[in-house]
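In what follows, a structure is listed as C-alpha cells, so that the remarks can point back to it.
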Amino acid sequence: MSKKVAELEDLSKELNEIRAAIKALGGTVNTSLMYNKDAPWGERIKFVLRSKGPGTVQDIIERILELEPEKKKDKDSVHNSVTTVASNLAGTGKLKAEKDGFRNIYSIIEE
C-alpha cells in the first residue's frame, strides 16, 4: 500500500470519527465533503465526481479502489455496482452522462 493511500485511509477514519461525534452532539454534517465507504454506491460515485470532476466508470472505479484498497480483490463486483448505479442515476436525472464512443462520461448536475 502506498504512503498516500495509507494517509488517505487515516484521514478518512478521522473524518468519520469527527462526523460521528458531531452527530452524537446533535449537529449535522455535510457528508458530501467526506468519503464514506459505508455510504450507498450512489453517494460514493457522487463524491468521486465532485472531487475529481467528470469521468468514466473506469475513472470512478480507480478512485474508489484508491480510497478502499480492500475492495481490489472484488474489482468485478465494484465494476458491476458502479456501472449499474451510475447508469441508474443518469437515467433518473441525478447525474449527467455524455456519450464518448461506446462509453459514458459522467458528471455532477449542478444544483
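Selection over segment 55-96 of residues that are crowded, with 17+ Cβ neighbours inside 10 Å and under 15 Å from residue 110 (Cα atoms) gives a count of 3.
A single member of 70, 66, 7, 62 is more than 16 Å from the chain's Cα centre (by Cα) and modelled with pLDDT of 75 or more, and it is 7. In segment 1-14, the residues that are over 11 Å from residue 68 (Cα atoms) and touching a residue at least 24 places away in the same chain (Cβ under 8 Å) never reach a residue that is outside any helix (DSSP H, G or I) and of a type in the set (Asp, Glu) with C-beta atoms less than 6 angstrom apart, at least six apart or across chains. Is it true that residue 87 is part of a helix (DSSP H, G or I) and farther than 26 Å from residue 8 by Cβ? When the stated conditions are applied, residue 87 passes them.
For (1) out of contact with any His (no Cβ under 7 Å at 6 or more places or on another chain); (2) among the basic types (Lys, Arg); (3) at pLDDT 75 or above; (4) assigned to a helix (DSSP H, G or I), each residue gets a yes or a no:
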| site | (1), (2), (3), (4) |
| --- | --- |
| 13 | yes, yes, yes, yes |
| 16 | yes, no, no, yes |
| 19 | yes, yes, no, yes |
| 26 | yes, no, no, no |
| 35 | yes, no, yes, no |
| 38 | yes, no, yes, no |
| 46 | yes, yes, yes, yes |
| 49 | yes, no, yes, yes |
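The values are calculated or read from the model by the stated rules, or taken from the named source; none is laboratory data. It should be emphasised that the depicted structure is a prediction, and the values quoted were computed from it without experimental measurement. Backbone-built Cβ (ideal geometry, glycine too); neighbour counts: all protein chains shown.
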